[in-house]
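J.: Structure incoming, see below.
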Amino acid sequence: MATVTPFTLAVNDLTKLGQDRAVEFFRRLLWAEATRVGMGRNLINVPQCINVGDGGIDAVINDANPSIDEIIPRGTSGFQIKSSDLLPRQCKKELHQGQDLKKPIQSEVKRLLDAGGTYVLVLFAD
């Protein structure tokens, strides 16, 4: 039987966060990870305004050089944060304008990938 502590995190704690709280949680996770891997938090940009056209990117880390790249990849990375579960086919749609696979990749995702960056889709789901 697992020991429960004040720091224990259950899956349903994450799945019921909602959109605003998921973004806030992810921001704090990135800040904590940046501290752990010897990076400045100033490299991390996770805007609070999440309901605006963002071209498919909710958070950006520029020119990261973490001592360990378990959570934060080296270089530039862009994160799309979803507070709900997505099936694999829905994940593909996240990349495209209007979530239509026949349309081009979203502008900021394309810019990130064309520059050699890493795209990460973050799902707060089981």
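J.: Could you give the length gained by full extension between L29 and N45, i.e. 0.36 nm per residue of separation minus their alpha carbon distance, to one decimal place?
T.: 4.5 nm is the gain from fully extending L29 to N45.
J.: Okay, next question. Between Q97 and T5, what length in nm is gained on full extension when 0.36 nm per residue of separation is reduced by their alpha carbon distance? Don't skip to the end; give the middle numbers.
T.: Details: separation 92, 0.36 × 92 = 33.12 nm, distance 4.31 nm.
Net length gain for the segment: 28.8 nm.
J.: Suppose accessible area is computed on protein heavy atoms with a 1.4 Å probe; arrange K92, K82, K102, K110 from highest to lowest.
T.: So, going from the largest accessible area down, we get K102, K92, K110, K82.
J.: I would also like to ask the following. Roll a 1.4 Å probe over the protein heavy atoms and report the accessible area of R28 in Å², nearest 10.
T.: 150
J.: Could you please put E70, E108 in sequence from largest to smallest accessible area, using a 1.4 Å probe?
T.: Solvent-accessible surface, decreasing: E70, E108.
J.: So how do T35, T5 rank on accessible area, 1.4 Å probe, biggest first, that is with the largest at the start?
T.: Greatest to least solvent exposure: T35, T5.
The values are calculated or read from the model by the stated rules, or taken from the named source; none is laboratory data. Just so you know, these numbers come straight off a predicted model, no measurement behind them. The area values use the complete protein model at the heavy-atom level, side chains included, leaving out ligands, DNA and RNA. Shrake-Rupley method; radii C 1.70, N 1.55, O 1.52, S 1.80 Å.
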